[in-house]
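Presented below is the structure to which this report refers.
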4 protein chains.
Amino acid sequence: MKSVVFLIQCPDRKGLVASISTFFYQRGFNMLNCQQYTDTLKNQYFMRVKLDLESLGSSRKALEEAFGNFAKEYQLNWSVHYSDNIQRMGILVTKASHCLYDLLLRWKEGELKCEIPVIISNHPVLETVADQFKIPFHCLPVTTDTKQRQEEEVARLLKLYHIDLIVLARYMQILSKEFVEAHEGQIINIHHAFLPAFQGANPYQRAYERGVKMIGATAHYATAELDEGPIIEQDVERVSHEDSPEELSRIGRDIERIVLARAVKAHLEHRIILSGRRTVVFAGGL
Amino acid sequence: MKSVVFLIQCPDRKGLVASISTFFYQRGFNMLNCQQYTDTLKNQYFMRVKLDLESLGSSRKALEEAFGNFAKEYQLNWSVHYSDNIQRMGILVTKASHCLYDLLLRWKEGELKCEIPVIISNHPVLETVADQFKIPFHCLPVTTDTKQRQEEEVARLLKLYHIDLIVLARYMQILSKEFVEAHEGQIINIHHAFLPAFQGANPYQRAYERGVKMIGATAHYATAELDEGPIIEQDVERVSHEDSPEELSRIGRDIERIVLARAVKAHLEHRIILSGRRTVVFAGGL
Amino acid sequence: MKSVVFLIQCPDRKGLVASISTFFYQRGFNMLNCQQYTDTLKNQYFMRVKLDLESLGSSRKALEEAFGNFAKEYQLNWSVHYSDNIQRMGILVTKASHCLYDLLLRWKEGELKCEIPVIISNHPVLETVADQFKIPFHCLPVTTDTKQRQEEEVARLLKLYHIDLIVLARYMQILSKEFVEAHEGQIINIHHAFLPAFQGANPYQRAYERGVKMIGATAHYATAELDEGPIIEQDVERVSHEDSPEELSRIGRDIERIVLARAVKAHLEHRIILSGRRTVVFAGGL
Amino acid sequence: MKSVVFLIQCPDRKGLVASISTFFYQRGFNMLNCQQYTDTLKNQYFMRVKLDLESLGSSRKALEEAFGNFAKEYQLNWSVHYSDNIQRMGILVTKASHCLYDLLLRWKEGELKCEIPVIISNHPVLETVADQFKIPFHCLPVTTDTKQRQEEEVARLLKLYHIDLIVLARYMQILSKEFVEAHEGQIINIHHAFLPAFQGANPYQRAYERGVKMIGATAHYATAELDEGPIIEQDVERVSHEDSPEELSRIGRDIERIVLARAVKAHLEHRIILSGRRTVVFAGGL
């Protein structure tokens, strides 16, 4: 079934639900789902509406024009997403295979509705994984001297392949401020710690030294500040004094996999609205 | 801030959100929160609307009459709940104090917005707890012979104290079909197992013997079939082969406490709609 | 580092730790790890000792003979497992790929220390997965008429490939009493529910109908009674009224994957001792 | 049943288990439980032995002397704890009642085996709670000027009541370096965040602003560095964008309660050995 999702954000005021739902009702839409959230501290209203596209009585352009006019009146920030417009996800990796494999399998099983036209790495080791799934693999090694040029080449490839969503699946390179800002809200990173604990390098080793009793992982949108971007999803697992740093790293791989997959799924299903440093993530399966 | 909650259930159809939200908008209401769910398998629509009562421009009776007429047209099943109409919770216990104490503390800390005018037990041991919180305690012992009379006396007391919600906080008596059906949707029971596993007696002992690796608890509405009522909330905790039945029972107490408290809170906040054997439980804090 | 694990089970009595540890100490062994458990209800003692094999001062045969004599005196049930004796795991599947892929990836990443010489299925669809990892794939379709013959062929293949551990990774066939008993303690099955809840077919559909608030998965040794074997590992995930049976099934796949992997890992690392219907599972990473 | 626990820590070497267990075996002890851990990174060995005190064939003094001589030979750090030597726990609070109530109830239900001879607060509000359980309550208000004198009075009271374990159950005062170091390993604090995230003040507010998807609590031994002491126990709960700082605080109370209770229980049962910044916490129920 084809559907269309509207994501809406605006200052809260009386009658928003009534006005917006009436807009769609008058155009004959069958509303499949409607999720809302009011941030009473900032007086902001957030809405995700999913409509049956079969009931669209006009061209998409006409719908967008009409809603655009309506939105101006109500000061809505909005975006529209058609289910038949399949998003294109590019995956950046280094050496660790677990997140890459996990994304590829979920994609193959139909759990992640997207295309994966390219995998880019600064290291050759995961080429065989890309081959297993018949996806073009570009190896762009990087040194301190070539950092900028390599990143430009990454950007060029992402453009060439028409990538909508960039997933850093344990890509062990820090991206430049320019790169990150040019792709705002389009880069999802997985950090192998329960942020804001253990930002930066070697989180499992530091978790071991601090003697924590649970370890975690965090998926977030990349911003210019390292590991400071809006959090999309987190999870943890219990550990004990018996677990060595290597064991923490092994346990952590399962958390990273699942947390990254949930975040990517939420993004692809247009269930996330950014609100400053916070994310509104509407429940899934809807 | 005073508020009013409408709980609505009806066959799904186009325009429901628009019509209902417009009804309230036209009457000048500020909608504080609106939660929805469509059961696509049964084509049923569920809605919880919370409105600012300060914006009520008529009498409550007039509002209800107007909504009643509107509801007839749309075949809505509905109920209305005013925040200043404090519910009265009666607690039934036997000997175990942990759930009783937990409810009393949450009530005292303001987490459970209700009155607790009476505690009834078939055993005298928890009278001192009731005394600590200055709540009338009625001890109604029961034998096979007096079962029916005792239950009638329980019912009489619940009526006398104008009880809206009956909580079985580890009340170790099976209630009659008549009693349960007379209080449909008004009795919450805590079962010390992860239903439908280990229905009936001695769940911790049976969990031990079966060698499960997690134990749980389940809060549900009581129905005539024992431990078969609609589930409101469940949770579990990891255990190991080292945990004896007594240890399982101790670990279980913490799960029982939290699961029962969450269920009672959801009920008191009018976040639950019954749908056959299932419950729709809207998210809290809203 | 090469190591050897002794698994020991016997009636509890004074001096067991002293006697057993002295046995190994006198033979110059460096004890890497020692885990114990006393079942006080059944008066049974369980021990897992891991020794540095480099410190073995005799032949393995001589060690086993000496320990055998010692064991007779103390009535020990015991088994010995050398780390350089790599176990051979055969995987049985039907159509679902998620558990199969998960096992293969963990094996490839070195998390599961074993060989996987064969994959057997009653359906051809997962042949391509086996091919990706260059593992022989045998398709043995089955009908009511051919059930017995097919199972004999499965048994023949498992023998041919010298399989030590049989993993039913969502193999949708019920094995005969004869087959199961011939491989006691060597077959691990993953059931897609939190046993003993929802034994048998269609657990996710039944979980939906019962309206549970968490779903789970259970890895257990197969026995003649379906879904009644000793539980090795379980886990759960929170769900809500919004999750359709399909959504439960999708969420469940992640639980199945992780629960099965943990159980297989525990088995391969010789951390499990069977005790009637219960399992003693010693902590991992050791 | 009376028992005695030995906690042992020493450099790892061959034959430790054999030597120690033989020491007890030769003295006729029935070993109820024996838990071990080898920190291979630091080459340290940790052991907890629980013995049936009924089988003690000498005076306690003689046992300790004999073990002391044995320990010197093997360079063991050790301590001995008799089950009939009931520990005395002093609780320090400010205004929040949830952790205090929780400790008192678990104590009353027999879950925490200790005496609670005194509750000290810098604020009068919880006196009624102390009264409910008939425990002496000392109110010692504090200002910037009186900070040192107040702390000295706290120390005097703890000494007067022969306190073994000091529990900071949401005591909102920073203790001086002197005080903390004078009670090393005897002060357990509950911090309302998943350390090392959100050290210091207002963790729930900061968790809200950072937009985390889970919140937690941490029980740790107090050290001179605020919120930097060895962690004993942690747990978390899932939250969402819908949860306001107040809601996080409410959800967090349940985590704080349980985490603190588990840590206090582990301490009272002599299951914790300090190892630098880390804790070895042996499993419970044994």
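Of note:
- Taking region B:29-139 and the helices (runs of 4 or more DSSP H) fully enclosed by it, the elements with 2 or more residues that are out of contact with any strand residue (DSSP E or B) (no Cβ under 6 Å at 6 or more places or on another chain) and buried (at least 18 other Cβ atoms within 10 Å of the Cβ) are at B:60-74, B:98-108.
- Positions within region B:249-272 being farther than 16 Å from B:ARG106 by Cβ, surrounded by fewer than 22 Cβ atoms within 10 Å (Cβ to Cβ) and in contact (Cβ under 8 Å) with a residue 12 or more places away in the chain, in sequence order: B:SER249, B:ILE251, B:HIS270
- Taking residues in region B:30-45 that are touching a residue at least 12 places away in the same chain (Cβ under 8 Å) and under 18 Å from B:GLY15 (Cα atoms), and partners anywhere that are in a strand (DSSP E or B) and small (Gly, Ala, Ser), the pairs with Cβ atoms closer than 7 Å and at least 6 places apart or on different chains are B:ASP39/B:SER275; B:GLN44/B:SER275.
- Test: C:THR279 is among the hydroxyl-bearing types (Ser, Thr, Tyr), buried (at least 18 other Cβ atoms within 10 Å of the Cβ) and part of a strand (DSSP E or B): yes
- Some residue of region D:167-181 being among the aliphatic types (A, V, I, L, M) and within 10 Å of chain A (Cβ to nearest Cβ): no
- Hits in region A:200-218 - residues which are on the phi < 0 side of the Ramachandran plot, touching a His at 6+ places or on another chain (Cβ under 8 Å) and not β-branched (Val, Ile, Thr): A:PRO203, A:TYR204, A:ALA217
- Just one of the listed residues (A:SER244, A:SER249, A:SER275) is within 11 Å of chain D (Cβ to nearest Cβ) and more than 24 Å from A:PHE179 (Cα to Cα), and it is A:SER244.
- Boolean, C:ALA96 is among the hydrophobic types (A, V, I, L, M, F, W, C) and away from chain D (no Cβ under 14 Å): yes
- Long-range neighbours under 6 Å by Cβ, at least six apart or interchain, first residue closer than 18 Å to C:ILE188 by Cβ within region C:80-103, second of a type in the set (Val, Ile, Thr) and part of a loop (DSSP other than H, G, I, E, B): C:ARG88/C:ILE163; C:GLY90/C:ILE163
- Criterion: away from every other protein chain (no Cβ under 11 Å), within 30 Å of D:PRO245 (Cβ to Cβ) and not small (Gly, Ala, Ser) - qualifying residue of A:LEU7, A:LEU56, A:LEU16: A:LEU7
- Among the residues making up region C:220-238, those that are more than 17 Å from C:ILE272 (Cβ to Cβ) and more than 10 Å from chain B (Cβ to nearest Cβ) are C:ALA224, C:GLU225, C:LEU226, C:ASP227, C:GLU237.
- The single condition from (1) closer than 25 Å to A:HIS267 by Cβ; (2) free of Cβ contacts under 8 Å to residues at least 40 places away in the same chain; (3) within 13 Å of another protein chain (Cβ to nearest Cβ); (4) not small (Gly, Ala, Ser) that A:ARG27 fails is (1).
- Applying the criterion of being in a strand (DSSP E or B) and over 30 Å from D:CYS10 (Cβ atoms) to the residues of region D:231-276, the residue that is farthest from the chain's Cα centre (by Cα) is D:ARG238.
- Residue that is farthest from the other protein chains (Cβ to nearest Cβ) [pool: residues in region C:59-74 that are modelled with pLDDT of 95 or more and within 19 Å of D:SER21 (Cβ to Cβ)]: C:ALA71
Every residue, every condition in (1) of a type in the set (D, E, K, R); (2) part of a loop (DSSP other than H, G, I, E, B), yes or no:
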| residue | (1), (2) |
| --- | --- |
| B:VAL142 | no, yes |
| B:GLN148 | no, no |
| B:GLU151 | yes, no |
| B:LEU157 | no, no |
| B:HIS162 | no, yes |
| B:ILE166 | no, no |
| B:TYR171 | no, yes |
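- Selection from region A:198-210 of residues that are surrounded by fewer than 22 Cβ atoms within 10 Å (Cβ to Cβ) and under 17 Å from D:SER275 (Cβ atoms): A:GLN205, A:ARG206, A:GLU209, A:ARG210
- Subset of region A:187-227 [assigned to a loop (DSSP other than H, G, I, E, B) and within 13 Å of A:LEU168 (Cβ to Cβ)]: A:HIS192, A:ALA222, A:THR223, A:LEU226, A:ASP227
- Residue check, B:ALA169 in contact (Cβ under 8 Å) with a residue 60 or more places away in the chain and crowded, with 18+ Cβ neighbours inside 10 Å: yes
- Test: D:LEU140 is in the same structural domain as D:GLU233 (by TED's automatic domain parsing) and either of a type in the set (Val, Ile, Thr) or more than 24 Å from A:LYS213 (Cα to Cα) (or both): yes
- Filtering region C:108-161 to residues that are of a type in the set (Ser, Thr, Tyr) and in contact (Cβ under 8 Å) with a residue 12 or more places away in the chain leaves C:SER121, C:TYR161.
The values are calculated or read from the model by the stated rules, or taken from the named source; none is laboratory data. It should be emphasised that the depicted structure is a prediction, and the values quoted were computed from it without experimental measurement. Please note: Cβ atoms are built from the backbone with ideal geometry, for glycine as well, and neighbour counts cover all protein chains shown.
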